[in-house]
Amino acid sequence: MKIFFMGDIVGNPGRMAIRELLPELIARKKIDFVIANCENGAAGFGVTQKVADELFRYHIDVLTSGNHIWNKKEIVDFIGSYEKLLRPANYPSSTPGAGSVLVPLKTGECIGVLNLAGRIFMQPIDCPFVTAKNKVAELREKTNVIIVDMHAEATSEKRALGWYLDGEVSAVLGTHTHVQTADEEILPQGTAYISDVGMTGPFDSVIGIKKEIVIERFLTQMPNKFDLAKDDIRMQGVIITIDAESGKAKSIERISVKLKYS
């Protein structure tokens, strides 16, 4: 079984990359299932219903998110009716939406997806480690194939969760920083790990935003409007090959594909 997990989708450039590049990658790599983090999918911050529907049309099976999931107010009205659009599971139980999903395949197998958010340099929500143990136990009643999106700022927190869940899940994949790391590996008990899968969007930028705007903010410390960059568009993520019976990862491969005319 091959699963492609795509890094944070940033605005229209990111969606364009998926539309143009994902079908060919699925065919060439014989990918069975696609997961993508969409929390920056609508103009760089949050996700709208229109954007979620668009992304699902592009062969994406599950959308995960993170701390920016609430940036568009309309999300509260529709997230509860989208089973495959996740928010971090360690938000309070009263929060709209769900943090995990079990997706059956035509082959009869199931894939579990769990979305978590870190707490270091981020919101002080519920403990991702405790939440992970509880949610993983629930998912393992139905499947051994479980993919975890750990949306966090600190590499140490992501790395610790990888070790904590080694052997319990198929992969712990970091998102949020928009910079693809080169530390992909299979941990001793069979869990694939990477600190950050990268970004799908414009790379002539500072993590998706026009670089001039970000530099000005650093120089002046004054608030200004963040506008998305448009050039050097790439699609990044990882392909994990998994033994469907045991749920153990056999390999993890970094992917970075550039849109030729961007």
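Values quoted throughout were computed directly from the atomic coordinates according to the rules given, and no laboratory measurement underlies them. Small disclaimer: the values here were computed from a predicted structure and weren't measured. Positions of Cβ are backbone-derived with ideal geometry, glycine not excepted, and every protein chain shown enters the neighbour counts.
Calculate the FRET efficiency for K211 and N71 from the Cβ-Cβ distance with a Förster distance of 22 Å, rounded to the nearest 0.05. Provide the component values of the computation, followed by the final result.
Numbers: r = 22 Å, r/R0 = 0.98.
For K211 and N71, the calculated efficiency is 0.55.
Give the residue list of GluC sites (Glu not before Pro) in segment 85-177 that are DSSP loop and have at most 10 other beta-carbon atoms within 10 angstrom. Walk me through the intermediate numbers first.
Values: sites: E109, E138, E141, E153, E157, E168; in loops: E109, E141, E153, E168.
When the GluC sites (Glu not before Pro) of segment 85-177 are filtered for loop state and at most 10 Cβ neighbours within 10 Å, E141 remain.
Nearest-5 percent of antiparallel DSSP beta bridges in the chain? Mind dumping the intermediate values first?
Numbers: 25 of 50 bridges.
Antiparallel bridges make up about 50 percent of those DSSP assigns within the chain.
Loop only per DSSP, at most 13 neighbouring Cβ atoms within 10 Å: give me the trypsin sites (Lys or Arg not before Pro) in segment 1-77, ordered by residue number. If you can, show how the numbers build up before the last one.
Working: sites: K2, R15, R19, R28, K29, K30, K50, R57, K72, K73; in loops: K30, K72, K73.
The qualifying sites are K30, K73.
Quick check for me: using +1 on Lys/Arg Cβ and -1 on Asp/Glu Cβ, what's the dipole size of the chain about its Cα centre, in debye to the nearest 20? Could the numbers behind the result be given before it?
Details: 31 positive and 33 negative charges, 76 e Å.
In debye, rounded to 20, the chain gives about 360.
About the Cα centre, and with charges only on the beta carbon of Lys, Arg (+1) and Asp, Glu (-1), how big is the dipole of segment 139-223? Nearest 20 debye, please.
Details: 7 positive and 13 negative charges, 36 e Å.
Rounded to the nearest 20 debye, it is 180 debye.
Using only alpha carbon pairs under 8 Å that are at least six residues apart, calculate the relative contact order of segment 160-234 and give it in whole percent.
26
Among the GluC sites (Glu not before Pro) within segment 1-92, which fall in a DSSP loop and have no more than 14 other Cβ atoms within 10 Å of their own Cβ?
On the way: sites: E20, E24, E39, E54, E74, E83; in loops: E39, E74, E83.
Listed in order of number, the matching sites are E74, E83.
Excluding A192 itself, what net charge comes from residues whose Cβ is under 14 Å from its Cβ, given Lys and Arg +1 and Asp and Glu -1? Before the final figure, lay out the partial values.
Details: positive: K2, K158, R159, K248, K250, R254; negative: D149, D166, E168, D183, E184, E185, D196, D243, E253.
Cβ neighbours under 14 Å give a net charge of -3.
Let a ≥ b ≥ c be the square roots of the eigenvalues of the Cα gyration tensor of segment 1-59; is it rounded (a/c under 1.5), or, if not, prolate (a/b larger than b/c) or oblate?
Values: a/c = 2.16, a/b = 1.93, b/c = 1.12.
Because a/c hits 1.5 or more and a/b exceeds b/c, segment 1-59 counts as prolate.
Label-point separation (nm) for A98 and R140, each offset 7 Å from Cα along Cα-to-Cβ?
The two pseudo-label positions are separated by 2.0 nm.
Could you tell me what fraction of 2.2 N^0.38 Å the Cα radius of gyration of segment 133-240 comes to, as a two-decimal ratio?
Values: Rg = 17.1 Å, N = 108, 2.2 N^0.38 = 13.0 Å.
Against the compact-globule rule of thumb, the ratio is 1.31.
How many percent of DSSP beta bridges within segment 145-258 run antiparallel, rounded to 5? Could the numbers behind the result be given before it?
Values: 15 of 24 bridges.
In segment 145-258, approximately 60 percent of DSSP beta bridges are antiparallel ones.
Among DSSP beta bridges whose residues both lie in segment 15-162, state the antiparallel percentage, nearest 5. Each step should come with its number before you reach the end.
Working: 5 of 15 bridges.
Here the antiparallel bridges make up roughly 35 percent for segment 15-162.
Short version: what are the Cα gyration tensor semi-axes of the chain, square root of 5 times each eigenvalue, largest first, in whole Å?
Details: eigenvalues 144, 85, 65 Å².
Computed over the chain, the values are 27, 21, 18 Å.
Not counting the cut sites, what is the longest span of the chain without chymotrypsin sites (Phe, Trp or Tyr not before Pro) that DSSP labels loop and that have at most 12 other Cβ atoms within 10 Å?
Working: sites that count: F121, Y261.
It runs 122-260.
Does segment 1-117 come out rounded, prolate or oblate, given a ≥ b ≥ c as the square roots of the eigenvalues of its C-alpha gyration tensor, rounded meaning a/c under 1.5 and, failing that, prolate meaning a/b above b/c?
On the way: a/c = 2.08, a/b = 1.23, b/c = 1.69.
Here segment 1-117 falls in the oblate category.
Within a Cβ distance under 15 Å of A154, other residues only, what is the Lys/Arg minus Asp/Glu net charge? Display every interim value, and only then the final one.
Numbers: positive: R119, K158, R159; negative: E153, E157, D183, D196.
The answer is -1.
Rounded to the nearest 500, what is the chain's calculated 222 nm mean residue ellipticity when only DSSP H runs of at least 4 contribute -39500 (n - 2.57) each, over all residues?
Values: 6 runs with 64 residues, N = 262.
Value at 222 nm, helices only: -7500 deg cm²/dmol.
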